[in-house]
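Asks: Here it is, the structure, as structure tokens.
The values are calculated or read from the model by the stated rules, or taken from the named source; none is laboratory data. On a predicted model such as this, the values are computed, not experimentally measured, just so you know. Here the Cβ positions follow ideal geometry from the backbone for every residue, glycine too, while neighbour counts run over all protein chains shown.
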Amino acid sequence: MPSAGVAAALLDKENVGVPAGKSMDGKLAGKRPLGDGADGGAAKLPRKSALQPLSANVLGVQQTAAGPAPPPSFSDNTKPGAMGPPPPRVATSSRPASGAEASGASRERSASGAAMVRRWQLTDFDIGKPLGRGKFGNVYLARERKSKFIVALKVLFKNQLQQSNVEHQLRREIEIQSHLRHPNILRLYGYFYDHTRVYLILEYAARGELYKELQRAGSFDERRTATYVASLAKALTYCHAKHVIHRDIKPENLLLGLNGDLKIADFGWSVHAPNSRRKTLCGTLDYLPPEMVEGNYHDAAVDVWSLGVLCYEFLYGQPPFEAAGHSETYKRILRVDLRFPPTPERSDGAKDLIKQLLVKDPKERLPLGQVLQHPWIQAHADPAVLARAT
């Protein structure tokens, strides 16, 4: 259950209008289409919008020759010369704090040792170039003025969130992502808001979107793919240990850090599920597991299926069950109609791992711990990633 402070972030409904004719659809139309639809003659929706997730915003960097150089390092301290995370603050509110909020602020003051904890506001940041656009707002490069720490500031428009009825998803996304600490998960440092916008303070992923890297390269070699799959297996193991199911693993939701390390960036469809059983149809068409397509209950095994689809797409440049229309895609998923094209040529070990992940029965899918022990992963993944404790 989200805390009172998080839940308050979207309750202020004053001045929610924007100028007439403004559209926040951004660059969603630029996402890769899945071909001409076979259902009623309509064109098939772009993959990003097949089942509209909350965080349609692009969090990555659009690299330009004239753009600023990436920051030298990110650390978790604030020693002189270091670029540690922004100091802790609490969300801005125009109403009196509730008991729960006051208690939370008191704990934060105690933890930081400060006599007073200031609330975040836009004037605390120097705003740089736009990093991306989405349906609900924009993302900007920003620098916290006091610590000089570089972040990505995600700006969401309240009226767009309210019109799409996704305020509850944003609360859940903030609640989940702010509690996750893993090298392959993008940090959410904090949030604040005003009458018209909600601002998320996010870790800056200097090398941008993995999806764009995949588009440029066409496909990844086996070493790079195995390293990414190992990193994701570790991150998802961490999430599942905390009873968090991501439910929307795909290239569009992955970013690359300064050193090329993978970061899960979007938790718009994630859920905290201690009982591990849900029935919501959510995610993205090409990555839906059979149990979701059939309308059955699902658990953390949906992320294992998505990892298999992702591994296939990295190696071959397209998802395994892609088809002309929604109905045919659903049919291929239900049949687990898995085919390996002759080019690019891939090893039997890579194909074996994919076959063990893309199994119709969720209980029969290869556990994430065994993914890391798979011979193909052991032979090809970066040893530094495999040696890492988490």
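Matching residues to (1) in contact (Cβ under 8 Å) with a residue 24 or more places away in the chain; (2) touching a helix residue (DSSP H, G or I) at 6+ places or on another chain (Cβ under 7 Å):
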position: ASP126; (1), (2): no, no
position: ARG133; (1), (2): yes, no
position: GLN160; (1), (2): yes, no
position: LEU170; (1), (2): yes, yes
position: LEU214; (1), (2): yes, yes
position: GLY218; (1), (2): yes, no
position: GLU222; (1), (2): yes, yes
position: ALA233; (1), (2): yes, yes
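Asks: Let me ask you something else. Exactly one of (1) polar (S, T, N, Q); (2) surrounded by 20 or more Cβ atoms within 10 Å (Cβ to Cβ); (3) over 21 Å from VAL371 (Cβ atoms) is unmet by ASN259. Its number?
Replies: (2)
Asks: Of the residues that sit in the stretch 335-390 and are β-branched (Val, Ile, Thr) and surrounded by 14 or more Cβ atoms within 10 Å (Cβ to Cβ), which one is farthest from SER306 (Cα to Cα)?
Replies: Once the filter is applied, the top-ranked residue is VAL385.
Asks: Within the stretch 298-337, how many residues are among the aliphatic types (A, V, I, L, M) and farther than 28 Å from VAL244 by Cα?
Replies: 2
Asks: What about LEU214, is it of a type outside the set (Phe, Trp, Tyr) and buried (at least 22 other Cβ atoms within 10 Å of the Cβ)?
Replies: So LEU214 fails the test.
Asks: Give, as residue ranges, the helices (runs of 4 or more DSSP H) completely inside the stretch 135-243 that count at least 3 residues that are not assigned by TED's automatic domain parsing to the domain that holds ARG119.
Replies: So the answer is 210-217, 222-241.
Asks: Related question: Which one of these is assigned to a loop (DSSP other than H, G, I, E, B), touching a residue at least 24 places away in the same chain (Cβ under 8 Å), charged (D, E, K, R) and over 20 Å from TYR312 (Cα atoms): ASP266, ASP248?
Replies: Going through ASP266, ASP248 in turn, just one is assigned to a loop (DSSP other than H, G, I, E, B), touching a residue at least 24 places away in the same chain (Cβ under 8 Å), charged (D, E, K, R) and over 20 Å from TYR312 (Cα atoms): ASP266.
Asks: So is GLU322 within 24 Å of the chain's Cα centre (by Cα) and either part of a loop (DSSP other than H, G, I, E, B) or surrounded by fewer than 16 Cβ atoms within 10 Å (Cβ to Cβ) (or both) or not?
Replies: The answer is yes for GLU322.
Asks: In the stretch 172-194, which residues are surrounded by fewer than 17 Cβ atoms within 10 Å (Cβ to Cβ) and without any contact (Cβ under 8 Å) to a residue 40 or more places away in the chain?
Replies: Within the stretch 172-194, ARG181 is the sole residue that qualifies.
Asks: Next question, about the same structure. Can you tell me which residue in the stretch 346-390 is farthest from ASP261 (Cα to Cα), limited to those that are of a type in the set (A, V, I, L, M) and assigned to a loop (DSSP other than H, G, I, E, B)?
Replies: If we take residues in the stretch 346-390 being of a type in the set (A, V, I, L, M) and assigned to a loop (DSSP other than H, G, I, E, B), then VAL359 is farthest from ASP261 (Cα to Cα).
Asks: Got a number for residues in the stretch 199-210 being more than 14 Å from VAL139 (Cβ to Cβ) and surrounded by fewer than 21 Cβ atoms within 10 Å (Cβ to Cβ)?
Replies: So the count comes out to 1.
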